[in-house]
Structures are given as C-alpha cells and as structure tokens.
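Take a look at the structure below.
The values are calculated or read from the model by the stated rules, or taken from the named source; none is laboratory data. Source: prediction; values computed, not measured. Cβ atoms come from the backbone with ideal geometry, glycine included; neighbour counts cover every protein chain shown. Protein only, heavy atoms only, side chains kept; ligands, DNA and RNA dropped before computing areas. Shrake-Rupley method; radii C 1.70, N 1.55, O 1.52, S 1.80 Å.
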Amino acid sequence: ETYAFDANHTVARFEYVHFGYSNQIQRFDKTTGKVTIDRAAKTGSVDVTIDTKSINTGVEVFNGHLKGEDFFNVEKFPTITFKSTAFKFDGDKPASIDGNLTIKGVTKPVTLTVTSFLCMPHPLAKKDACGANATTKIKRSEFNAGKYAPYVSDDVTITVAVEAFKE
C-alpha cells in the first residue's frame with residue numbers, strides 16, 4: 001500500500017539548545033513524500049522531501065539568517081531529503097526506519113525512531129490513512145551547518161510528523 005503525505009498535516013521540525021538557556025523548536029512548512037508499507041511482509045519504503053525555503057521560526061529576520069550560507073544555504077540546497085533503506089518492525093508496526101539523510105549536499109545514514117504509528121479509515125475524508133511520528137538526532141556540523149557550535153548545540157533532534165492518504 002502506498003500513501004502520499006497530506007501537506008496540511010505533515011510537518012518537519014528541528015530542536016536544538018540555544019546557549020544552554022533553552023531548547024528551541026523550529027519548523028519547515030512544506031514537507032512532501034510517500035510511504036509504501038507491507039505490514040504482512042514487514043517491509044516498506046519512505047521518501048521525504050523538505051523544502052528548506054519554507055523554514056518558519058516565526059521571525060522573518062531569523063528565517064533569513066537560517067536560509068543563508070552558514071546554515072541551510074537554501075539557494076544552493078533547496079531541499080533536505082530522506083530515503084529509506086530498511087524498515088524494522090515491532091509486531092505489525094514499524095519501530096524504526098534506516099535511511100540516508102541529505103542536508104546541504106552531504107548524505108549520512110540515520111535511523112528514524114517511530115514513536116507512534118496508526119492506520120485506519122480517516123473519519124472525515126472517508127479514505128484510508130496512516131500517521132506516524134519519527135525522530136532522529138544528528139550533529140549539524142557533519143552537514144556543514146555547524147556555525148556557532150557549541151554555543152548553539154551541535155546536536156539537533158529532527159522530528160517528522162506525518163499523516164498520509166492511501167493512493
């Protein structure tokens with residue numbers, strides 16, 4: 001079964017520590033992708049594309065700062081991608097997804113931990129739908145985005161909240 005991301009209910013977020021004061025959570029407003037899953041065979045695949053120009057911190061000046069060369073360099077690298085290489089299941093639900101994360105042209109293997117997963121008929125859309133939350137931790141310096149580390153933490157948690165409709 002293949003599911004296409006619902007743009008209205010899919011969001012990619014990232015969290016970091018700012019000068020030790022607090023955890024800051026930022027988001028990208030445009031994340032697209034598809035998930036193919038065979039729960040009986042315990043296999044699947046996922047492709048995620050995040051539009052880096054859609055970064056939304058709530059502050060336009062800060063958005064511009066993060067879009068620049070020191071961080072996402074959105075003119076040269078307009079997307080962040082994740083392409084799965086393997087699914088691991090716990091019973092009939094995905095528990096983790098191995099894959100390749102590409103940020104600023106640098107590709108590294110990561111594991112997304114699936115923290116929730118549910119498939120059922122959508123009560124309003126009257127279509128089959130699946131949803132999941134998945135998270136991973138990276139070192140931003142490994143993706144050529146390490147400006148101001150360690151004051152702004154090198155460790156970044158990425159979370160993708162997905163809702164998708166069956167095609």
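A few remarks follow.
- Any hit, segment 14-36, residues being among the acidic types (D, E), within 16 Å of T159 (Cβ to Cβ) and touching a residue at least 40 places away in the same chain (Cβ under 8 Å): yes
- For segment 53-67, the criterion of a residue being within 19 Å of K108 (Cα to Cα) and part of a strand (DSSP E or B) is satisfied by no position.
- Residue check for K42: touching a residue at least 12 places away in the same chain (Cβ under 8 Å), farther than 30 Å from D154 by Cβ and charged (D, E, K, R): yes
- Residues (open to solvent by 60 Å² or more (accessible area, probe 1.4 Å) and in contact with a helix residue (DSSP H, G or I) (Cβ under 9 Å, 6 or more places away or on another chain)) located in segment 79-104: T79
- The condition of being among the polar types (S, T, N, Q), within 15 Å of V106 (Cα to Cα) and open to solvent by 30 Å² or more (accessible area, probe 1.4 Å) holds for only one of T32, T49, T36, T43, that being T49.
- Among strands (runs of 3 or more DSSP E) entirely within segment 71-167, having at least 3 residues that are in contact (Cβ under 8 Å) with a residue 60 or more places away in the chain and on the phi < 0 side of the Ramachandran plot singles out 128-139, 155-166.
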